[in-house]
Structures are given as structure tokens and as C-alpha cells.
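Chemist: What follows is a structure written as C-alpha cells; I'll ask about it next.
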Amino acid sequence: MGGKTMSDMTGELDGMVALVTGSARNIGRAAVEELARAGAAVTVNSKQARDLCEEVSAGIKADGGKAIVAMGDVRDPAQVNEVLTSTFKSFGGVDIIVHNAAVRTNQSIEELKFETFKHIIDLSIHGCFHLAKAAIPSMKLRGGGCFVGVGGMSSLQGVKGRSHVMAAKMGLNAFIRGLAIDLAPYNIRANQVVVGHYDTIRDGNPSSSSGRQLVDCDVPLGRRGVPQDMANLIRFVVGPKASYITGQTIHSNGGAYMNL
């Protein structure tokens, strides 16, 4: 967990429960670890890679945090219900949902098959729908909550071979805004955080969100982001200091969005 222990942090999320989808590695892992550092009990989730999820959970518990592993595919409402049921049984409810699970592929529209297009849409948009339906009753009982969708700058910038991913992330953005409007009376907030040019690991190999070499003009701050940058933003967005922020799209990209 980055060398920090629970005692190093302020504990502003003490007593809260968070589920982060796709948290076996990269941004999801950094986010679930950061929320645990803030005091939340957390559910580590992935469709597969149980060994990595167990590693994340063990690290959190070794540092004094509370964590469980709940495997499941967010495209399947039955599996989502099982993940939330495990969370409820372990921690009594849920306050925070971070929908990070995603698949990023590059295919031109001429090569793109409907099955691939549908898979990406199901994961981002339908997955968030299933999570919301399963989590909202608990959030209402607990007096509020927070949804965070993780988006990508390519959906706003436009990237060759990413029409399916762009559609999914823009759809997620719109759905998050809809949640913010519908759920505001229950003190449930919803925001989307947007990743720019980040260094991540895909299939065991280092890669970037754009798949191309970074040049000086791409990012005014002069570097790619790292998962901890996004984890820090997510921690803020779900925390009490962001209690008046909902329905927003918040970017973390070192200024790259100014170059669009």
C-alpha cells in the first residue's frame, strides 16, 4: 500500500464502506488502497485475477485496514448482487461505489464487431446500472452515499480505433449525471473522474492510455499520470470535503485537456 499505514491518514472515511470494481491492478488497485487508508472498509473486485485481488486485500489488512474480495462480472446483475451481498454481510452496507472496471481495445469501425461493441457498452454503462440498482437501497438507509464513474479523456478528445470505448465512456458520463439528479434528495452524490495520459500495466506489460509516445506538448505538467494520482482524486471526491460536489466531470490529466 505504498509504504503508508492507516495511522498516517486522517480517517475521514471511518465507518464507511466502499466497493471498487476492477481493483486488482492499476487505478482500481490504487483507489481501493487509498480509500482503505482513509478509513473505509473496502471490497476488492474483479471479474478474474483472484490472486491479484487477494494480494490487494491482504496488503490492506496487513496495514490495519478492513477488506474482502468479492469476484464478479459487473455485466451480470446476478453477480453484482452477489458482490453487494458479500459486502453487506461483511460490513453492514455500502456507502461508496467506484465503477472502474473497463476493457480498452483499439479497433477501427470497419474491423469492429457488434459483440465487441456490446461488451464494452455492457461493462461501462450496464455495469453501472446494475451497481446502482443493487447499492441505492443500502445508501438510502445509511443516509447518503457516493457513486464515481471512471472515464477516459479519449471519449472527449477522439482517438483512432476507440469509437466503442468513446461511446461507452460518454454513456457512463451521462448516466452518472442522471444518478446525481435522481438521487440528490437522498444525499447520494455521483460524479465522473476522467483519466488522461496515464502509465498503467496491461496484460503484464507497461502501456499508456493513449498507446503512443508522450511528447512535451501533450501534457503541460510534463509527465504521464500514475494510478496514485487518480486514487488521490477519487479519495477527495467521495470524501466529506466534496460534499457539495455532484453531477460533475472532473479531469486528472496534467493539463492535457487544455490542448484539445
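The values are calculated or read from the model by the stated rules, or taken from the named source; none is laboratory data. Given the structure is predicted, the values throughout are model-derived calculations rather than measurements. We place every Cβ from the backbone using ideal geometry, glycine too, and count neighbours over all the protein chains shown.
Chemist: Here is a list: Gln107, Gln157. Which entry is within 29 Å of Gln228 (Cβ to Cβ) and either touching a Leu at 6+ places or on another chain (Cβ under 8 Å) or modelled with pLDDT under 95 (or both)? Spell out the reasoning first.
Modeler: Details: Gln107 fails: within 29 Å of Gln228 (Cβ to Cβ).
Of Gln107, Gln157, the one residue that is within 29 Å of Gln228 (Cβ to Cβ) and either touching a Leu at 6+ places or on another chain (Cβ under 8 Å) or modelled with pLDDT under 95 (or both) is Gln157.
Chemist: While we're looking at this one, here's another question. Looking at Ile96, is it at pLDDT 95 or above and under 18 Å from Gly149 (Cβ atoms)?
Modeler: On the way: at pLDDT 95 or above: yes; under 18 Å from Gly149 (Cβ atoms): yes.
Yes, satisfied.
Chemist: Could you list, in sequence order, the residues of the range 14-43 that are in a strand (DSSP E or B) and in contact with a Leu (Cβ under 8 Å, 6 or more places away or on another chain)?
Modeler: Of the range 14-43, the ones in a strand (DSSP E or B) are 17-20, 41-43.
Hits for the range 14-43 are Ala18, Leu19, Val20, Val42, Thr43.
Chemist: Would you be able to tell me the number of residues in the range 59-78 that are touching a strand residue (DSSP E or B) at 6+ places or on another chain (Cβ under 8 Å) and either assigned to a helix (DSSP H, G or I) or buried (at least 19 other Cβ atoms within 10 Å of the Cβ) (or both)? Write out each step before concluding.
Modeler: First pass over the range 59-78, keeping only residues touching a strand residue (DSSP E or B) at 6+ places or on another chain (Cβ under 8 Å): 60-61, 65-70, 74.
If we keep only those that are either assigned to a helix (DSSP H, G or I) or buried (at least 19 other Cβ atoms within 10 Å of the Cβ) (or both) too, we end up with 60-61, 65, 67-70, 74.
Looking only at that region, the number is 8.
Chemist: For a quick check of your reading of the model, give me the residue pairs whose first member lies in the range 44-56 and is more than 17 Å from Asp76 (Cβ to Cβ) and free of Cβ contacts under 8 Å to residues at least 24 places away in the same chain, whose second is surrounded by 15 or more Cβ atoms within 10 Å (Cβ to Cβ) and not polar (S, T, N, Q), with beta-carbon atoms closer than 6 Å and at least 6 apart or on different chains.
Modeler: Glu54/Val69
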